[in-house]
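The values are calculated or read from the model by the stated rules, or taken from the named source; none is laboratory data. Computed from a predicted structure; not experimentally measured. Heads up, the Cβs are rebuilt from the backbone with ideal geometry, glycines too, and the neighbour counts pull from every protein chain shown. Accessible surface areas use protein heavy atoms only, side chains included; no ligands, DNA or RNA. Shrake-Rupley method; radii C 1.70, N 1.55, O 1.52, S 1.80 Å.
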Amino acid sequence: MPPLRRAHVLTSEHVRVLWTITSRRSTARIRQHTACTMKRLASSFTEFQSSKRARIGSPGSHGSGEALGANWPAKKEEIEAARRLILECATAKSRTLIVPDKDADGLASGSILQRTLVLLGLPSSLIITHLVQRGNNIHDPSERTAMTKLSPSYVFVLDQGSRRSLPVVNIPNHRALIIDHHQVAEDEFPSGSQHVTACNFPPISTSALLTYLICRPLHPAIEQQCAWLAVLGTHGDLGTNFKWQPPFPDMGVVLKRYTRKRINDAVSLINAPRRTAAYNVHAAWEALTEAVSPVDLLANKALLAARVEVNAEVERCTHVPPKFSSDGRLAVLRMNSKAQVHPVIATRWAGHLKSARLEVVMAANEGYLEGNVNFSCRVAKCAKERSGGRREVNIIQLLNGIVKSAGDSSLRDRLGDSFARGHKEASGGIVPTKEFEELMALMEVGVGSRKKKDLTTPERRKENPITNYFLKKAGPRTD
C-alpha cells in the first residue's frame, strides 16, 4: 500500500488496497477499523481540497466583508445604505460630483465609483470631478464655495478624511456620501451627509478597496474593470509588499495578470504629480480615468516626468540629520521644499532610523505652504520590532498627549483642525509656523541630543588613542 502523503490525498490505489485487506480478514474489528480509516482519509481529503480552493481562488474568493463578518470592512447597514444611494444616483440621471483625495488610494476610489455609475447607466456627461487645491481640504470655505458652484444633486467624497462641519455644498436637498477609512469619531461628518467608514473595523480597509467592495455587487462588469484599481489604491496606502490575506479579498488573479511590479510602478507614477511643486493632480486623475489597466499608466509622459522631478527633490532633502525629542520618542527632520516630499522622507527614515526609545519619525516641511509647516509622521520600524506587536504606537494620541501636557489650553486650538489627522500609524498635519515652533520647544527637540566633546580634553584623549596620536602631531585646535 503506498504511503499516505502529508496532504492525505485519497487515491484509487488506497481504496483498492483497503478493501482487499477487508475481504481477506473477515473479522468485524478489522472491517470497522478499515471503515474508520477510509472515513478519516476522505474527510482529510475534503478539507485539503477546500483549503486549496480558498488559497487559489479568483478575486473575491475570500468573500466580501459581509460573508466574513457582519461588520467588515465597515458596518453592514452603512454599506447597504451606500449601495442604495449609488443606485438612486444612477437612476436619477442628475448632475453628480465626485471629490476624490489626491493620492493613489483616493484617485482609485474616485475612478471605481465613476466607472460604476457609468455602468449603471448614468451618462458620463453628468459626472463632474472636483480636486481640492494645494494645502486645502473639502471643509475649507473656498472649496465648499467652488463645489457649490458646480450645482450637483449628488456628491460623493472619497478618502478625504472627515470632521464635523457644515453640509458639503450649500445646495438644498442635495445627497452626499462620505466613503473613508481615516480615524474619526462617530459624529465627525458634514451635516446632512451619509457615510461609510472603515476606521473602526481592523484590519482597516483602504478607501479604494472599501469603494470596490461597496460597488462590486451592483454590476457584473465592475470586477473586471475595477479590481486592479482596488489593488492599486491598497498598495498605495498599505505598502507595495502588502499581503492579501483574509479578511481582505484574494486578488491573486489581478496580481498574476498585471504583476505586482507593474502595479507598484503605477502607484509611484500616480502619486508623483501631487508631490511636484506644480501640484498637477489633474494629470494623475486624467491618466487614471483613461487607463484600462495599470500597464497604460507606465508609458504616460506626464507621470514619468513628474516622478523624475520628485525623485530629484527627495534625494536633495532626504539627507537632513534628525534631531530627537528629549525623551527620545520622536525624531524630527526639517526641510524646506515646495514639493510634497515630506511624507516620502518620513517613510524612508522610519524604516531605517534606530534608537532604543524611538517611536515616531516626523518630517516637517517649512517651504510647502507659506506661513505654515506641513508635517508627516510615521511609526518607526524599530518600535514595531521592539514591541513585537504587543504594543501599538498611536501617533494621533501621542501628538495630542504632548500638546495636552503643555498646560496651555489655547495651544491645541491654535494648532488648528488640521493637526494630527489621518491614521494611527501614519498621521500629520498643517499648522502655523509659530505654533509649530512652540510644539518643537515643548518636545525639547535637540535639547536631549548628545553633544560632541572637545577632542582636545584629557578625557577624550584617553578614550581615543588613535585621535590622540594625530592631535599630538598637530597640536590642539585653535579654531
| Given the structure, is Glu359 charged (D, E, K, R) and within 14 Å of Phe436 (Cα to Cα)? | no
| Just checking, which of Asp101, Asp105 is touching a helix residue (DSSP H, G or I) at 6+ places or on another chain (Cβ under 6 Å), modelled with pLDDT of 95 or more and of a type in the set (Asp, Glu)? | Asp105
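Table: residues versus (1) touching a strand residue (DSSP E or B) at 6+ places or on another chain (Cβ under 7 Å); (2) open to solvent by less than 50 Å² (accessible area, probe 1.4 Å); (3) of a type outside the set (A, V, I, L, M, F, W, C); (4) in a helix (DSSP H, G or I).
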residue: Tyr368; (1), (2), (3), (4): yes, yes, yes, no
residue: Asn374; (1), (2), (3), (4): yes, yes, yes, no
residue: Cys382; (1), (2), (3), (4): no, yes, no, yes
residue: Glu385; (1), (2), (3), (4): no, no, yes, yes
residue: Val393; (1), (2), (3), (4): yes, yes, no, no
residue: Leu399; (1), (2), (3), (4): yes, yes, no, yes
residue: Leu411; (1), (2), (3), (4): no, yes, no, yes
| note | Only unsatisfied item for Asn136, checking (1) polar (S, T, N, Q); (2) under 17 Å from Ile270 (Cα atoms); (3) surrounded by fewer than 20 Cβ atoms within 10 Å (Cβ to Cβ), is (2)
| For residues in segment 314-328 being of a type in the set (A, V, I, L, M, F, W, C) and not in a helix (DSSP H, G or I), which is farthest from Val445 (Cα to Cα)? | Val320
| field | Qualifying positions in segment 245-265 - in contact (Cβ under 8 Å) with a residue 60 or more places away in the chain and surrounded by 19 or more Cβ atoms within 10 Å (Cβ to Cβ) | value | Phe248, Pro249, Asp250, Met251, Val254
| Applying the selection to segment 217-243, what residues are over 22 Å from Ala82 (Cα atoms) and not acidic (Asp, Glu)? | Leu232, His235, Gly236, Leu238, Gly239, Thr240, Asn241, Phe242, Lys243
| task | Could you list, in sequence order, all residues of segment 226-241 that are hydrophobic (A, V, I, L, M, F, W, C) and open to solvent by 30 Å² or more (accessible area, probe 1.4 Å)? | result | Leu238
| field | Complete set of residues in segment 278-297 that are hydrophobic (A, V, I, L, M, F, W, C) and open to solvent by 50 Å² or more (accessible area, probe 1.4 Å) | value | Ala278, Val292, Val295
| Filtered residues of segment 299-325 (kept if open to solvent by 50 Å² or more (accessible area, probe 1.4 Å), farther than 20 Å from Arg348 by Cβ and touching a helix residue (DSSP H, G or I) at 6+ places or on another chain (Cβ under 8 Å)) | Ala302, Leu304
| query | Of the residues Lys384, Lys354, which is charged (D, E, K, R) and either at pLDDT 95 or above or in contact with a Cys (Cβ under 7 Å, 6 or more places away or on another chain) (or both)? | reply | Lys354
| If we scan segment 194-202, do we find a residue that is farther than 26 Å from Leu122 by Cα, open to solvent by less than 40 Å² (accessible area, probe 1.4 Å) and out of contact with any strand residue (DSSP E or B) (no Cβ under 9 Å at 6 or more places or on another chain)? | yes
| query | Which of the following residues is under 30 Å from Val308 (Cβ atoms) and among the basic types (Lys, Arg): Lys354, Lys338, Lys404? | reply | Lys338
| task | Run down Phe201, Phe248 and say which single residue is under 25 Å from Ser427 (Cα atoms) and touching a Phe, Trp or Tyr at 6+ places or on another chain (Cβ under 6 Å). | result | Phe201
| query | Of all residues in segment 420-437, which are outside any strand (DSSP E or B), surrounded by 19 or more Cβ atoms within 10 Å (Cβ to Cβ), more than 11 Å from the chain's Cα centre (by Cα) and touching a residue at least 40 places away in the same chain (Cβ under 8 Å)? | reply | Phe436
| Out of curiosity, is Asp187 open to solvent by less than 60 Å² (accessible area, probe 1.4 Å), free of Cβ contacts under 8 Å to residues at least 60 places away in the same chain and either within 23 Å of the chain's Cα centre (by Cα) or farther than 23 Å from Gly135 by Cβ (or both)? | no
